[in-house]
1. Kindly indicate which of 362, 289, 313 is farther than 25 Å from residue 228 by Cβ, outside any helix (DSSP H, G or I), of a type in the set (Gly, Ala, Ser) and modelled with pLDDT of 85 or more.
2. What residue, among those in segment 292-310 that are in a helix (DSSP H, G or I) and of a type in the set (Val, Ile, Thr), is surrounded by the most Cβ atoms within 10 Å (Cβ to Cβ)?
3. Working only within segment 319-359, note down all residues that are surrounded by 13 or more Cβ atoms within 10 Å (Cβ to Cβ) and assigned to a loop (DSSP other than H, G, I, E, B).
4. Can you work out which of the residues in segment 121-141 that are surrounded by 14 or more Cβ atoms within 10 Å (Cβ to Cβ) and within 9 Å of residue 303 (Cα to Cα) is nearest to the chain's Cα centre (by Cα)?
5. Output the residue which, of all residues in segment 213-244 that are more than 15 Å from residue 277 (Cα to Cα), within 14 Å of the chain's Cα centre (by Cα) and aromatic (Phe, Trp, Tyr), is surrounded by the fewest Cβ atoms within 10 Å (Cβ to Cβ).
6. Would you check if residue 112 is in contact (Cβ under 8 Å) with a residue 40 or more places away in the chain, among the aromatic types (Phe, Trp, Tyr) and either surrounded by fewer than 20 Cβ atoms within 10 Å (Cβ to Cβ) or more than 30 Å from residue 36 (Cβ to Cβ) (or both)?
Amino acid sequence: MLIYLEAILCSIFFLKEAWRLYNISNPIINHWALPIIILLYIFSFFSIFIPPLFYKESNITKINLSFLIAIIFAIIFRFCVARNIAWQGYMSDSIAFTHYSAELFLDGKNPYLYSMKPTYNRFNIPPKHITLRYDGTTEDKITYPALNFMLIAPFVKMGIKDIRVVMYFLHIIAILLLFLYIKRDYSILFITGLCMLEGMTNLTAGGNTDIVWLILLLFLVPYFNKTILAGVLLGMACSFKQTPWILLPFFCIEYYKNFGIKRPLQFIAIVMLTFLSLNLPFMIHNFSSWFDAITAPFLGGQIMYGCGLNILSQSSVVNWDKNVYTFLFIVVFFTLVIIQIKIKEKSRYIFWFFPAICLYFSYRSLVNYYCYWFILTGLQWFLDEKYKAPHIIS
C-alpha cells in the first residue's frame, strides 16, 4: 500500500535530517540543537508505526498532514541552522545582487547601471560562489529581469536584512501548495514531491531565489486553460528569471493543439504584456544596459559552469567550447518542439520537463536550472490523472 511506502520514505527523510543537522549544528557546543536532533530521530522511528497503528481509508489525509507538519518543522530547523551557524553569509552572488538591486530601486536608481561589486564583502560571499567571466573578471551586474529585485524591494523596505528569510518562507509555501493540490490521493507522489523539495532545500538555504518562479508556476499548473491567468503567471515567472522563458513555445503548441490558433496568440500577448509592464521603465531608461543584463547568461562572457553535459569540457574529456554547447542546446530545443507537436494530449505533463532537458545541454547548467522541473512535471501528471485535466482547469 502506498501509505506504507510513504511512511518508510518519511522515516528515511527524518533520519537523514537528524544526521545532517548533527553534522552542521555541532550540538556538542550548541546544546540547544540536541533536543531537536533527538526529536527528529523519534519522528524517524515513529513514522514506521503510523500506518499499522492508525491506518484507515478515512485517515489518509490526516496521516499525510501529520507527516507534513513534521517535515516542515525539520526544514525550518535546517534553515535556522544554515543561516545562523553553517552559512552566515549569502552562499550565492545571485541573491546578493538581488538584495542590493532592490535597495538601489528603492532609492530611485536604475540597478542595471550600477556595479554589484560592493556586495562581495558586504554579504560575505565566498569567492567560489562569485560568477567568473572568460576575460578573468567577475560578473558585477544584475543579470535578471526587473521583477527579480522589484519583488524583493517591499521586504527590504520592511527592514529585512537577510532575504534568505523570504526565500525560506516561500519554500514552505511551495510545500503547502503541493499538499493542498494532492492531499490524499497518490500520497506517494506527495511525499516524493516533498523529498525532492527537501533535496533542493540547501539551494534555498544558501540563497538561491528560483523558488519564486517555481511558486508562480505551481499556481499556474492547475489553471492551464485559464489563458489570462496562465499568461500573467508565466509572464511574471519570465520577469523574475530567464529559466521559464523556455516554456513559452511549448505552451503555445499545446494551446494550438487543443484550441486552435487564437488561444496561443492571446497567450503570447498576455505573457509579453506582463513582461513589458514590469520591465518597460528600465528598457526606456537605458535599453542597452537592460538588454545586456538579461542576455548575459547566454550571450555574455560568463564562464562554462555547472553539472550538465558541460562537465565533459570542465574535466577535459572533450575540448568543446561555449559555441558547441549552444549548438547542442538549440538542436535539443527544436527536437523537443517537434516532439511536443507530435505527442498526444494526455501526455501534456511531459513538456514541463523539456526545459530541464534543454538546459542540461547548456554551456552553463547549474543544478537549479533544471531540478525544479521534476516537481512541476509530477504535479501536472497527478492533476491530469486525478481530474482528467479539463475538469480542474476548464
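The values are calculated or read from the model by the stated rules, or taken from the named source; none is laboratory data. Only a predicted model underlies this, so the values are computations on that prediction, with no experimental measurement involved. So basically every Cβ, Gly included, is an ideal-geometry build from the backbone, and we count neighbours across all protein chains shown.
1. 362
2. Once the filter is applied, the top-ranked residue is 294.
3. Correct list: 320, 343.
4. 131
5. 219
6. Yes; evaluated as a whole, the condition is true for this residue.
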